[in-house]
Amino acid sequence: MLTGIVAVFHLWVHLNSTTVALTLLLLVLFLAARWGLRYALATSIAATVAYNYYFLRRLERFTINDPQVWLNIFAFLTVAVVGSRLSERVREEGADARRRQGELEVLYGLSRQLLQTENVPSLLNAISPAIMLVTRADAIVLYLLDGDRRYMAGDGSVIQLDDIALRQLAETLPSPETVTKQARIPLRVGVRPRGLLLINGVSLSAETLEAIAGLISASIDRAQALEDLTRGEAAKESERLRSLMIDSITHELRTPLTAIKAAASTLLLPEPLDHEQQQELLTVINEESDRLNQLVSEAVEMAQLDTQEVHMTFAPASIGALVEKALAHCSSLLNENEVKVDMPTLPAVKADAEYITKVLTNLIENAAKYSPVGTPICISGELRDGMVSVSVADRGMGIDLSEQSLIFERFYRANVPSQQSWGTGMGLAISRAIIEAHHGMLSVTSHLGEGSVFSFTLPVYEG
Ligand code: ADP
């Protein structure tokens, strides 16, 4: 460029020497800004020589004792130094801003990854891979003093520190330090040491390392607090369910017990009763004790399902065969309703045959119980979204929309006329728990006065 400028001004464009000097000054400034001090200095000297030789009074010889030469060289050098300094500072600030932006992105990415996990074991397993992903480090070691635990990501062998060295560093390191491209960050709970994080192969600023340590500690504390909270809530919920259950059972037991007590007291009265009255009271006692018996066994079954104490054997089962079995169980109830079964050939389901028969029996019994004599009950099956879906439909009284979710609660009985009211209100709660244990769903669609369709899904048996 210098040669070009000199050639142009010397051979073709003859302007005064000040214009040439300014052009050369611009060149020096450009080089200082673009390539830094070294190039600008060398060019300054070359420019002074060329200017002196070709343009200064156009003597075509080199003079050293002319004060203008010294002024020239001083101007060129000053421009070179100031220009390069300024541009270097801009470059440094740009690089600094980019580095800070990169580090902020690292912190943001890390906080997003760490705040997604809500239980401590999976969080501890996720920390090292998450840091590795966002910092693009070669290896990460997260060491926790509690239980001498190590969680690694990447090539852990590059971090040649044994547990004793790690423990010592975790206990004594006051603040993050970087030793040969390996960042060592102490982790703390308050002021107490918690562990150490080693990041190999990246250079991050001390503030970012501090922030990473803070983020890790905060996310572990958060997951721990969430776990404690969930545990506390689960204990509270289980306690609430237990007392609800006891309340409901006591309430439900009282009705048959009162009836039995009344019948027995009447039978024991000194005045003799005729045979028919005696039979009637004994029938009450008989039916109410059956009801008591069913109530107690269903309550026990529900409690076992709640606490997952029920042992289910999942095996391939034909839903058609289970429907047949359930129909045989409730044949005595079905005399007055026509039952239509529309069951195409379906793949085998993965189910505990005994429990699913129980669910089907309950749904068919309910359909018979809550629909008028002579109305049909339809049982159908189909394959939908990879699950076998079974429906039991009736043309009965239907269920009010507001009660459709409540009927699956234990002991809840919708407002049914008294002659159909025999029941415990546990059947659907048990059925839903059984279907959910099979990873299926039990739901109802119903219109008051038109009928109801209860449907449940079961997974297809795969090999
Ligand atoms: P139970 O039949 O012993 O009362 P369930 O848990 O089987 O208990 O049913 C709960 C309530 O749901 C019943 O009391 C009834 O009001 C309503 N229900 C169940 N099935 C039907 C149905 N097919 N048609 C109308 N109502 C029904």
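Points worth noting:
- Val373 vs. criteria of a type in the set (Val, Ile, Thr) and touching a strand residue (DSSP E or B) at 6+ places or on another chain (Cβ under 6 Å): no
- For segment 1-59, the candidate set comprises residues that are open to solvent by 40 Å² or more (accessible area, probe 1.4 Å) and among the aromatic types (Phe, Trp, Tyr); within that set, the residue that is farthest from Arg89 (Cα to Cα) is Trp12.
For (1) surrounded by fewer than 16 Cβ atoms within 10 Å (Cβ to Cβ); (2) farther than 24 Å from Thr19 by Cβ; (3) touching a residue at least 60 places away in the same chain (Cβ under 8 Å), each residue gets a yes or a no:
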residue: Gln68; (1), (2), (3): yes, no, no
residue: Asn72; (1), (2), (3): no, no, no
residue: Glu88; (1), (2), (3): yes, yes, no
residue: Tyr108; (1), (2), (3): yes, yes, no
residue: Leu114; (1), (2), (3): no, yes, yes
residue: Glu118; (1), (2), (3): yes, yes, yes
residue: Ile127; (1), (2), (3): no, yes, yes
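- Residue list for segment 236-257, restricted to those being closer than 13 Å to Leu292 by Cβ, open to solvent by less than 80 Å² (accessible area, probe 1.4 Å) and of a type outside the set (A, V, I, L, M, F, W, C): Thr250, Glu252, Thr255, Pro256
- Against the list (1) surrounded by 14 or more Cβ atoms within 10 Å (Cβ to Cβ); (2) under 30 Å from Met387 (Cα atoms); (3) in contact with a Leu (Cβ under 8 Å, 6 or more places away or on another chain); (4) modelled with pLDDT of 90 or more, the condition Leu281 fails is (2).
- The condition of being more than 9 Å from the ligand (Cβ to nearest atom) and in contact (Cβ under 8 Å) with a residue 12 or more places away in the chain does not hold for Asp385.
- Test: residue in segment 413-422 that is buried (at least 19 other Cβ atoms within 10 Å of the Cβ), outside any loop (DSSP other than H, G, I, E, B) and outside the structural domain of Asn293 (by TED's automatic domain parsing): no
- Filter result for Glu354 (surrounded by fewer than 20 Cβ atoms within 10 Å (Cβ to Cβ), more than 16 Å from the ligand (Cβ to nearest atom), more than 32 Å from the chain's Cα centre (by Cα) and at pLDDT 90 or above): yes
- Selection within segment 330-351 - of a type in the set (Gly, Ala, Ser) and open to solvent by less than 70 Å² (accessible area, probe 1.4 Å): Ser331, Ala348, Ala351
- Any hit, segment 437-453, residues being more than 11 Å from the ligand (Cβ to nearest atom), at pLDDT below 90, out of contact with any helix residue (DSSP H, G or I) (no Cβ under 8 Å at 6 or more places or on another chain) and not in a helix (DSSP H, G or I): no
- Members of segment 365-376 that are aliphatic (A, V, I, L, M) and more than 9 Å from the ligand (Cβ to nearest atom): Val373
The values are calculated or read from the model by the stated rules, or taken from the named source; none is laboratory data. Please read these numbers as outputs of a predicted model, since none were measured by experiment. Note: ideal-geometry Cβ built from the backbone for every residue, glycine included; neighbour counts use all protein chains shown. Please note that ligands, DNA and RNA were not included when accessible areas were found on the heavy atoms of the full protein model with its side chains. Shrake-Rupley method; radii C 1.70, N 1.55, O 1.52, S 1.80 Å.
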